[in-house]
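Structure first, commentary second.
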Amino acid sequence: MNFIDEVEKFTHKCWKSIFMEIHEAVVFIDSAATECLHWHTGDQGYLVLKTAGALSVHELATYNLRNVKDINDGKAVIISTSAYADFYEYIIKMIMEQNTFKSYTIITTVHYRTMNYDNSISNKEIKNYTKMKEDLQSSINSKNPMQNVSIDIIYIPIFISLLTRSLFTTPPFANLMPPIHIPEPNKIKETELYINHFVSSLESLFHHLDITEDIYSIGKCSDYIAETLKNLPAAIKRRSKLNGASGSRISLILIDRTLDLCAATSHDTSSVLSRMLCILPHLPNHTNDIAVNMNPIVCGSMIDAPFTEIPGCLATTDKSLIDILISKKQQAVLVTANHLLQNILTSKGSPKSKISTRVSVHSLEKQMYKFQDKNEIYSTLESSKQLQIIWAIVQSLKSDKNTQIELLLSIEKLVSQNVAVSRDSSSVLTQLSNIIKTRHDRKLDTENLLALLIYVYALAGTEIHFSPAQEQLLEESLSMAVYEDIKVFNESTDITNGVYQQILLLLGVTDDESAKEISIKTAKHFITMLHDIAKKREGLRNYVSLVSDPHPSEMVQYISILEQLVKDIINPKRPKIHDLHAKSMHSSISFNLFSKSKIEHHPANNPWILIYVVGGITPEESRKVQEIISTYKTNCSITLAGSRLLNPSDIVNEILLMGIKN
């Protein structure tokens, strides 16, 4: 069995079922489902829905539903990833304000046993969405008592975006991040619901694959997910059915992102895709793709034509192109891009450029401008996706932000060396305090430096302790930085999409005294969170340290938990991994009935290992893992997955900024 092929068949089957429901229907689809479709179709989601017979397609978002008035009044299809039953009632009420559809079909990615209701209900009411359907029907009838409007609810578990043959993400769970500390009661319930939905989705995948899983986990959140999957009634039934059969087995390894926030906040962007995610903005309402401004190369040829500006992006059905952006070095990516460009130009009779011995970003950019010629408009349209990817490469590698990234990376390397060698006597916080004070001279913003601080504390862990005097100096520097930023943001008319700026503006601080008070409070919050981040690996045995052992002739290097774990798993010597908790139906140790000896189960015993990072994964981590796998001879196939693709800002936003309060 080729497992990635089977995963692809699973997603294809799900979407095929949806396409069968949307013929001659008005479609409302939410952003998470849209992102899954985006990667499944290679950026052709809207066209595929229209080809399947959709009369029109609308975004399923509360901020715009009241403005959607469709000329069609037959069938409405709602595609949603929400696990809240009352949400469906709310959105149908909003849709009905402007429309009079004769029937509604709700396609939900949430199994009826996972759907959340405000009040406790019986199993009979839960089954097949009985209670949910009754409530929706009642709501519709109260709005239009004279009209017989039918409603149907269908479960289809779309949740996967397959980026390459060895990496996928799960957009409906993009915000599933292990908490740094124990959350508030209402947040705990929300997280549990999120996890139950995720576990149910995994069960749907494993059921389709007709496979039995051995479950392993590292981290408290992953332990909880593993335990939930282990005890899920549907999963127990599936395993019981397959027990003793000759079917395939999979090793599922769940790992908390928060155990290693260094990888997620590092500016080590040897992977070109990692650099793109640091430099270019996200495609609106997407977590795994970027927006590519195509105006410079298409506006010249379309200057006389009215058009709507739509950004380019990376999603493509050619998975090898994304794999190149992840795994190849920068020069190899440039050579590949140049080769693609030459093929596009020569296919339409343009003279083939002489391939230089060293392709550069500037030589690629120069060739891209040839598509401004009106005579090249058909080449542009036919090769649109390849051109979008090539232009994304050019934009990211020639951006002025590269100087910031290189500076931050050099600081990271110095920090790693300082922390590893000097240990508790390290003066790194004093140095960082000075960098914060002089950030404008270095063209660095506060968000960059918050990511750097997360990196430092995550790297230090509980092995290294910073002096109270240094931390006090750091807190004062952060307080002053926040105070200065509040003043700048309040006076500025340029409001960006940056979460840091928006949060400080939403605090509504206008007077100087309040600004100082909020700044002190915010700095204390940052320091508290950094302390909590440093404690996340407390209690681990194998992976408590993220730095290589100091050596006189070598620089100290940061080694991610993911790298260490993969090395240990595929190591022929099979070292004991104490931190890897087995949560399978069988014990991690069984007994041979004939020899009475213990047989320890190991993830590499199975032909397929799926490592899922709860909270997200970086392309750079994927690149390094691919390198490790290529150096070992292993009979098992390893697939990486995560909640989403991450860049340093995502971690700052999710971990540090969300807790800022007035």
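Since every read-out is calculated from the coordinates, none of them should be taken as a lab result. Values in this document were obtained by computation on a predicted structure and should not be read as measured data. Cβ placement follows ideal geometry from the backbone for every residue including glycine, while neighbour counts extend to all protein chains displayed.
Would you mind classifying the chain by shape? Square roots of the alpha carbon gyration tensor eigenvalues, ordered a ≥ b ≥ c; an a/c under 1.5 is rounded, otherwise it is prolate if a/b is larger than b/c and oblate if not.
Judged from the Cα gyration tensor, the chain comes out rounded (a/c under 1.5).
For Lys143 and Gln98, calculate 0.36 nm times their separation in residues minus their Cα-Cα distance, and state this gained length in nm to one decimal.
15.0 nm
For Ile211, what charge total do you get from the other residues with a beta carbon under 12 Å from its beta carbon, if Lys and Arg give +1 and Asp and Glu give -1?
Result for the local shell: -1.
How high is the relative contact order of the chain, given as a whole-number percent (alpha carbon pairs under 8 Å, six or more residues apart)?
With pairs under 8 Å counted, the relative contact order is 17 percent.
Compute the signed sum of charges (Lys and Arg +1, Asp and Glu -1) over the other residues within less than 14 Å, Cβ to Cβ, of Asn99.
Combined, the nearby Lys, Arg, Asp and Glu give +3.
What ranking do Tyr455, Tyr84 get, fewest neighbouring Cβ atoms within 10 angstrom at the top?
Exposure proxy ranking, most exposed first: Tyr84, Tyr455.
At 0.36 nm per residue, and after removing the present C-alpha to C-alpha distance, how many nm does the segment from Lys50 to Lys127 gain when stretched out fully?
24.4 nm
Round to the nearest 0.05 the FRET efficiency obtained for Asn64 and Lys9 when R0 = 41 Å and r is the Cβ-Cβ distance.
The computed FRET efficiency comes out at 0.75.
Applying 1/(1 + (r/R0)^6) with R0 = 56 Å to the Cβ-Cβ distance of Asn490 and Ser17, what FRET efficiency is obtained, to the nearest 0.05?
After rounding to 0.05, the efficiency reads 0.65.
I want the local charge near Cys221. Using Cβ-Cβ distances under 10 Å, sum +1 for each Lys or Arg and -1 for each Asp or Glu among the other residues.
0
Under the rule of -39500 (n - 2.57) per DSSP H run of 4 or more residues, summed and divided by the residues of the chain, what mean residue ellipticity at 222 nm is obtained, to the nearest 500 deg cm²/dmol?
The helix contribution divided over the chain gives -14500 deg cm²/dmol.
Multiply the residue gap between Asn72 and His465 by 0.36 nm, knock off their C-alpha separation, and tell me the result in nm, one decimal place.
134.9 nm
Can you compute the modelled spin-label distance between Asp511 and Gln557, with each label point 7 Å from Cα toward Cβ, in nm?
Each label point is offset 7 Å from its Cα along the Cβ direction, giving 5.7 nm.
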